[in-house]
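Novice: Dropping the structure in here first, questions after.
The values are calculated or read from the model by the stated rules, or taken from the named source; none is laboratory data. What you are looking at is a predicted structure, and each value in this text was computed from that prediction instead of being measured. Methodologically, a virtual Cβ is constructed for each residue, glycine included, from the backbone with ideal geometry; neighbour enumeration extends over all protein chains shown. Areas reflect the complete protein model, heavy atoms only, side chains present, ligands, DNA and RNA absent. Shrake-Rupley method; radii C 1.70, N 1.55, O 1.52, S 1.80 Å.
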Amino acid sequence: QVQLVESGGGLVQPGGSLRLSCAASGITFRLYVMGWYRQAPGKERELVATISGFGSPNYTDSVKGRFTISRDNAKNTVYLQMNSLIPDDTAVYYCRATGVSDYWGQGTQVTVSS
């Protein structure tokens, strides 16, 4: 059974930081492209960042220079370090594993507000 379990979300003030984690089980982790997506209220789910099995990252323009995606293949975990958070970053953040099959986590809420 495949599971992607996100953690690390919460309430943070503008300018603050959060680190999201996604622990994967039931897949050969290193063979999957891992990604973070987000969905704000009333909006479609959008790509935030992806990272290949070799560690090559890609980011959507709105988070470049503020967010960093990384992975630890020994721990089957992908991370999203989010700095300089702004209210527009408020969303439910989802982890995704893309490979032979496609899997999603249940999401974790990030709220940026003063």
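Novice: Over the Cα atoms of the stretch 16-65, what is the Rg over Rh ratio if Rh follows Kirkwood?
Specialist: 1.00
Novice: Continuing with the same structure: Would you mind putting 60-70, 19-29 in packing order, based on average other-beta-carbon counts within 10 Å, highest first?
Specialist: In descending order of packing, they fall as 19-29, 60-70.
Novice: Please compute the contact order of the chain in relative form: average sequence separation of alpha-carbon pairs under 8 Å and at least six residues apart, divided by the residue count, as a percent.
Specialist: 36
Novice: Can you give the direction-averaged projected area of the convex hull of the alpha-carbon atoms in the stretch 75-114, in nm²?
Specialist: 3.8
Novice: Quick one: Kirkwood hydrodynamic radius for the chain, alpha-carbon pairs, angstrom, one decimal?
Specialist: Here the Kirkwood hydrodynamic radius works out to 13.9 Å.
Novice: Want the number for residue 101 to residue 17: 0.36 nm per residue separation, take away the alpha-carbon distance, what's left?
Specialist: Working it through step by step, the gained length comes to 27.1 nm.
Novice: Sticking with this structure for a sec: Could you sort the peptides 89-97, 9-17 by per-residue average Cβ neighbour count (10 Å cutoff), highest mean leading?
Specialist: Put in order of decreasing packing, that is 89-97, 9-17.
Novice: Could you order the peptides 75-82, 37-44 from most to least packed, using the average number of other C-beta atoms within 10 Å per residue?
Specialist: Ranking the peptides 75-82, 37-44 by packing returns 75-82, 37-44.
Novice: Taking a probe of 1.4 Å, how large is the accessible area per residue of the chain, in Å²?
Specialist: Here the residues of the chain average 53 Å² of exposed surface.
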